[in-house]
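Rule-based calculations on the coordinates, nothing more; no lab input. These figures come from a predicted structure and were not determined experimentally. In this analysis, Cβ positions are derived from the backbone assuming ideal geometry, glycine residues included, and neighbour counts consider all displayed protein chains.
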Amino acid sequence: MRDAFNSGHDADLPAAESPSTNSSPEYEEISRYLVHLHVLATGLIFHMHRTHTARKAKEEELRRRSETTSRSASNSRRSTTRCQIGSVLTQVQRASRMTMEELAASIRVSPAETSSFLSGEQFPSWPVTERFALACGADTQVLRKVWDDEQDRREGAR
């Protein structure tokens with residue numbers, strides 16, 4: 001094994017330290033140490049690969065479960081009317097280039113609730129919509145008109 005490990009490294013050694021000319025105890029000790037490091041590094045790489053593969057498999061399983069859950073949840077919500085303000089809020093959020101998490105923190109609601117506002121599954125209250133506009137740098141008066149129209153449409157549908 002030493003010969004296989006060192007074969008690529010012998011060219012780097014000066015001629016006086018070549019294994020064929022120098023078999024000193026120090027050289028042997030260093031050589032064993034390097035082989036030991038090689039084995040440890042190989043084991044570490046194998047462990048990291050196995051851990052990475054296991055993590056990817058777990059993430060894939062969680063993604064599949066999430067898709068199944070969201071599909072069944074969206075099927076149960078299809079009978080309800082979606083809020084049209086969601087598409088306007090989505091455009092405002094995209095224009096602001098804020099992430100969902102940043103926006104949720106700014107308007108003081110959970111990312112899940114923020115997502116439900118953006119998708120139109122949930123109609124936000126005016127204070128939340130106003131915080132949304134302010135966080136994204138949108139005109140609150142324009143969003144108020146959109147919000148009022150949505151509120152009127154929702155009340156007319158009842």
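Computed from the Cα positions only, the extents of segment 75-158 along the three principal axes stand at 33, 30, 19 Å, in decreasing order.
Note the full-extension length gain between Asp149 and Arg82 as 0.36 nm times their separation in residues minus their Cα-Cα distance, in nm to one decimal.
Full extension from Asp149 to Arg82 adds 22.7 nm.
Label positions at Leu34 and Arg94, each projected 7 Å from the Cα along the C-beta direction, are separated by 5.8 nm. For an R0 of 41 angstrom, estimate the FRET efficiency from the Cβ-Cβ distance between Trp126 and Glu61 and round to the nearest 0.05. E between Trp126 and Glu61, to the nearest 0.05, is 0.50.
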